[in-house]
Amino acid sequence: MRLNSTGELEAMRRSILGRRDPHRTHVTVCSSTGCLASGSEKVTEAIQREVQARGLEEEVEVMSTGCHGFCEHGPVVIVRPDSTFYHSVRPGDAPRIVDMLAQGQAVEDLLYQDPGTGGRIKHEGELPFYALQTRTILGNNGLLVPTSIEDYIGLEGFSAIAKVLDSMAPEQVIETITRSGLRGRGGAGFPTGAKWETTRKSPGETKYIVCNGDEGDPGAYMNRSVLEGNPYSVLEGMLIGAYAIGAREGFVYVRAEYPLAVRNITFAIRRARELGLLGRRVLGTRFDFDVRVVKGAGAFVCGEETALMASIEGKRGMPRPRPPYPAESGIWGRPTNINNVETWANVPHIIRRGAEWYQGIGSASSKGTKVFSLVGKINNTGLVEVPMGTTLRTIVYDIGGGIPGGKTLKAVQCGGPSGGCIPAQHVDVPMDYEGLRAYGAMMGSGGLIVMDEGTCMVDMARYFLAFTQGESCGKCVPCRIGTRRMLEILERITMGKGMSEDIASLEGLAATIRDGSLCGLGQTAPNPVLTTLRYFRAEYDAHINERRCPAKVCKALFHFEIDEVSCIGCGACKAKCPVGAIEGQAKGPHRIDQAKCVRCGVCQQTCPPKASAVVRKDNSRRETP
């Protein structure tokens, strides 16, 4: 079947909705990468078997959907239409779930338990994790089968491109996007409408658009979840952008390490083509546009747009100087517009609901919602979508549930390895482009890594710099050599060999790398170091001047000892030591051979409370090196 007009699309939508019973029970099982890793596929199969065994196929439909966001508690199952929320579901729970469906009741022990009151919460929207979110981009993830174009059409899918083709000139589309205030969600926050207009006005008949799905930040998976859970929304956004810009061909660049995202977007492209929503004469009009998927090899630098374009051209992914900018000379020298997954997914909502609606969400300078991946030392790991300008405190404590084990918040790394650390005292910072920039951080693609009191900020800076240094393409000297020198200094400090002049060296190198690097990877690589120096200078001083790691993370700066007076000679530590570093006879005092000890801490963890003989000591040295 091929749709030859916007009228036929609308007729298909009415037909889809007419065949559906709004009162039918739907059991939706999260089948994103995270929940699949926790066994959700077997949960889906078990529920389907139970439904079939009871002859309930007409009354109950089991659906494998995209990410529901609450990844900490997967596999997640939501029963609709009443939105009963089950978490941590196992295949063995399937009989009880289906039995309760027939009775119109819920399985109490699978409901979410409020940590504060201890009470059970039944409905999805009442969970603190969801209650404060505004789920525009992620909202349909739990309502449709990702590969079902019929499900997407039934939820107003492709109505935005139909509106554009029926009643809007390309200039009107760009004006709407500009007026909405949409800014690129890839990190820089450049106004989307301005980028589109520049590309449209650039000379040349052949133009390209690109969806940047090369999400490489450690702990970030926002774009992956959209491509996995609602790929048609991205395609519709690209269709609208192509119409506005005058492009006939587009690329979805996604890393090969996202196999489910690659599979779902590839299937979606093929299905859209079959229905006449991609290819020649889209919906029977004179508008031609097609898309193909390009798989990246996992290089972090290919998230930078000029390196990404080189990769699409079949070259090694390395950045080039700008200008000329991609909007003027991009892929194969043609004008090219690049936006990331989340930016494209916003576009259909803006066209359907209007620029004024979008302007009403967010802060004064940052409009709409933003999806964040919330990971690290946080109770509620998952994907969070909130209006721009929401405070970090709200995200960490009200939505994220605070820090595990009653520990205190120390900092949040915002924007991935190229971002900056926001300390706990600034937790009320608004999460928008200007708010974060004032504290030396950046939005980035939306990764938030939460750190508690047990985190060493010097070691954390070393970790992030090691990542960006390893991902440097090596093309420019400031990035290739400068990040290596900075990393060597940080490694020396964490080994207890720091020198008083190291701080000045780090700051000087950071300035050189920031000002002299060719692309955004190098220009932002020093951010974790600069922000930790700004807010946690005392930790650097302790490492250098006292040979002490306040968080007791840097192994070279502490050691374990056994108090021979307290030791009861039980041998528990000796039995558990992975390197045989503990010596001693039964019922006699034990000792640790420091030459063999790897400072793993197993001995302290296994020492009985009645003895508590194993202690961790700083290798403090007060003199200045």
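Here is how the numbers come out for the structure above:
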read-out: Hits in region 134-160 - residues which are surrounded by 23 or more Cβ atoms within 10 Å (Cβ to Cβ) and not in a helix (DSSP H, G or I); value: Ile137, Leu138, Asn141, Gly142, Leu144, Pro146, Gly157, Phe158
read-out: In region 521-534, residue farthest from Cys456 (Cα to Cα) [restricted to those that are crowded, with 21+ Cβ neighbours inside 10 Å and either in contact with a strand residue (DSSP E or B) (Cβ under 8 Å, 6 or more places away or on another chain) or small (Gly, Ala, Ser) (or both)]; value: Gly522
read-out: Extreme residue, nearest to the chain's Cα centre (by Cα), among residues of region 204-238 that are more than 19 Å from Val262 (Cα to Cα) and modelled with pLDDT of 95 or more; value: Tyr208
read-out: Every residue from region 567-620 that is of a type in the set (D, E, K, R), in a loop (DSSP other than H, G, I, E, B) and touching a helix residue (DSSP H, G or I) at 6+ places or on another chain (Cβ under 8 Å); value: Arg599
read-out: Residues satisfying the stated conditions in region 82-109, i.e. more than 27 Å from the chain's Cα centre (by Cα), hydrophobic (A, V, I, L, M, F, W, C) and surrounded by 15 or more Cβ atoms within 10 Å (Cβ to Cβ); value: Ala94, Ile97, Val98, Met100, Leu101, Ala106, Val107
read-out: Breaking point among (1) touching a strand residue (DSSP E or B) at 6+ places or on another chain (Cβ under 6 Å); (2) buried (at least 23 other Cβ atoms within 10 Å of the Cβ), for Ile351; value: (1)
read-out: Members of region 282-305 that are surrounded by fewer than 22 Cβ atoms within 10 Å (Cβ to Cβ) and within 29 Å of the chain's Cα centre (by Cα); value: Asp290, Arg292, Val293, Val294, Lys295, Ala297, Gly298, Ala299
read-out: Segments classed as strands (runs of 3 or more DSSP E), wholly inside region 331-441, with at least 3 members that are without any contact (Cβ under 8 Å) to a residue 60 or more places away in the chain; value: 409-414
read-out: Qualifying residue in region 327-340 (condition: crowded, with 18+ Cβ neighbours inside 10 Å and under 21 Å from Ala525 (Cα atoms)); value: yes
read-out: Search result, residues across region 491-511 that are closer than 12 Å to Ala556 by Cα, touching a residue at least 40 places away in the same chain (Cβ under 8 Å) and outside any loop (DSSP other than H, G, I, E, B); value: Ile493, Thr494
read-out: Condition met for Asn212 (more than 23 Å from Arg352 (Cβ to Cβ), touching a residue at least 24 places away in the same chain (Cβ under 8 Å) and not aliphatic (A, V, I, L, M)); value: yes
read-out: Complete set of residues in region 168-196 that are part of a helix (DSSP H, G or I), touching a residue at least 24 places away in the same chain (Cβ under 8 Å) and small (Gly, Ala, Ser); value: Ser180
read-out: Any chance Met486 is assigned by TED's automatic domain parsing to the domain that holds Val412, among the aliphatic types (A, V, I, L, M) and either in contact with a strand residue (DSSP E or B) (Cβ under 9 Å, 6 or more places away or on another chain) or modelled with pLDDT of 95 or more (or both); value: no
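The values are calculated or read from the model by the stated rules, or taken from the named source; none is laboratory data. The shown structure was predicted, so the numbers you read here are calculated from the model rather than taken from an experiment. Glycine gets a Cβ as well: all are built from the backbone with ideal geometry, and neighbour counts include every protein chain shown.
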